[in-house]
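See structure below.
The values are calculated or read from the model by the stated rules, or taken from the named source; none is laboratory data. All of these numbers come straight from a predicted model, not from anything done at the bench. Reconstructed Cβ throughout: ideal geometry from the backbone, glycine too, with neighbour counts over all protein chains shown.
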C-alpha cells in the first residue's frame, strides 16, 4: 500500500513538473497570441522548400528566431504565391508578410512596417555570364531591363528614366520564378537588377549562367509588413530584431543563407 502511495506521489510530481515546463513554452501556452506569417516557397535562399520539402530560408529562420524571443506570440507559417501575399494581408487572412519586402509609398499607405531593417539587399545590374558589354546604367541605354512590377528596382529604373529621358526599356517579369532568367537567356531582355545571393543560387540550381556587374545601385532595406493596427506586434518585432542583431544571430543566418553578412548596409561596411 505504501509503495502504491509512493508511486502515485511520484507520478504527481512528474505531472507538476511537466505542467510547469509547458507554461513556459509559447507553443503550448494558451495565452500566447497566434500570428499567421504569410510567405512564399520559391524565393531562392529567402523563402523556399528544401530537398525534403521543408519551408526554410533566411526570412523563415529569422522569423523562427524572433518567435523564440517573443513568448507572448506563437508564429505559424502560411505559404502562397507572392502575388497573393498583399491581398491576404489586406484581407487579414495573415498577420505579417515575411518575403524580403521593401518599403514603397503605395505599401506604406495600406500597411504597417516596423522600424529596424532585418536585412539589406544590395542590388546590381545582372546579365548573362558571357555578356561583356554591360557594366553601368549608361550601358543599359537602348536596352531592355526586366524586373518585378511592384519591386523597388522597378521604381529605381522608372525614376532613372524620368531624369534621363527614358533611355532604358522597362519590362515586367511574368509568373514563375524563372521568367526573368528565361527572358535574359533568350535575349528578350538584356539585364535585370538582382542581389549577388540570388544570382549565385540561380547559377547553382539552373543551367542559366548570370553575373552581377559594376557597383551596387541601391541597398534596399528589408522589413516585415503588418496590418494597420498591429503596432504592438511591430514594436515587439523591432525589439527582437535588435537582440538578434546584437547577439550575432542575424549575421550568422545571413552568412548561412545569403553567403555574406547582409544584416548591415553594404554602404556602411
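Inclusion of residue 168 among residues that are farther than 21 Å from residue 35 by Cα, touching a helix residue (DSSP H, G or I) at 6+ places or on another chain (Cβ under 6 Å) and in contact (Cβ under 8 Å) with a residue 24 or more places away in the chain is warranted.
This table checks each residue for (1) touching a strand residue (DSSP E or B) at 6+ places or on another chain (Cβ under 7 Å); (2) modelled with pLDDT of 90 or more; (3) assigned to a helix (DSSP H, G or I).
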residue	(1), (2), (3)
175	no, no, no
180	yes, no, yes
183	yes, yes, yes
193	yes, yes, no
204	no, no, yes
207	no, no, no
213	yes, yes, no
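Scanning region 215-226 for residues that are modelled with pLDDT of 95 or more and touching a helix residue (DSSP H, G or I) at 6+ places or on another chain (Cβ under 8 Å), which turns out nearest to residue 129 (Cα to Cα)? Only one residue tops the list, namely 224. Please verify whether region 140-152 includes one or more residues that are within 12 Å of residue 217 (Cβ to Cβ) and over 27 Å from the mean Cα position of the chain (by Cα). Looking through region 140-152, at least one residue is within 12 Å of residue 217 (Cβ to Cβ) and over 27 Å from the mean Cα position of the chain (by Cα). When each of 74, 34, 56 is tested for being in contact with a strand residue (DSSP E or B) (Cβ under 9 Å, 6 or more places away or on another chain) and loosely packed, with under 14 Cβ neighbours inside 10 Å, the lone residue that passes is 34. Tally up the residues in region 224-269 that are in a loop (DSSP other than H, G, I, E, B) and surrounded by 18 or more Cβ atoms within 10 Å (Cβ to Cβ), please. Total satisfying the criteria: 3. For region 125-149, filtered to residues that are surrounded by fewer than 16 Cβ atoms within 10 Å (Cβ to Cβ) and within 27 Å of residue 82 (Cα to Cα), the residue that is modelled with the lowest pLDDT is 149. Could you run through region 59-71 and say how many residues are within 21 Å of residue 257 (Cα to Cα) and either in contact (Cβ under 8 Å) with a residue 40 or more places away in the chain or in contact with a strand residue (DSSP E or B) (Cβ under 6 Å, 6 or more places away or on another chain) (or both)? Total satisfying the criteria: 9. Of all the listed residues (115, 109, 105, 162), the sole one being at pLDDT 95 or above, over 21 Å from residue 266 (Cα atoms) and surrounded by fewer than 18 Cβ atoms within 10 Å (Cβ to Cβ) is 162.
With respect to residue 231, determine if the residue is in the same structural domain as residue 88 (by TED's automatic domain parsing) and touching a strand residue (DSSP E or B) at 6+ places or on another chain (Cβ under 9 Å).
Yes.
If you check residue 163 against the conditions, is it assigned to a helix (DSSP H, G or I), within 26 Å of residue 115 (Cα to Cα) and not assigned by TED's automatic domain parsing to the domain that holds residue 98? No, not satisfied.
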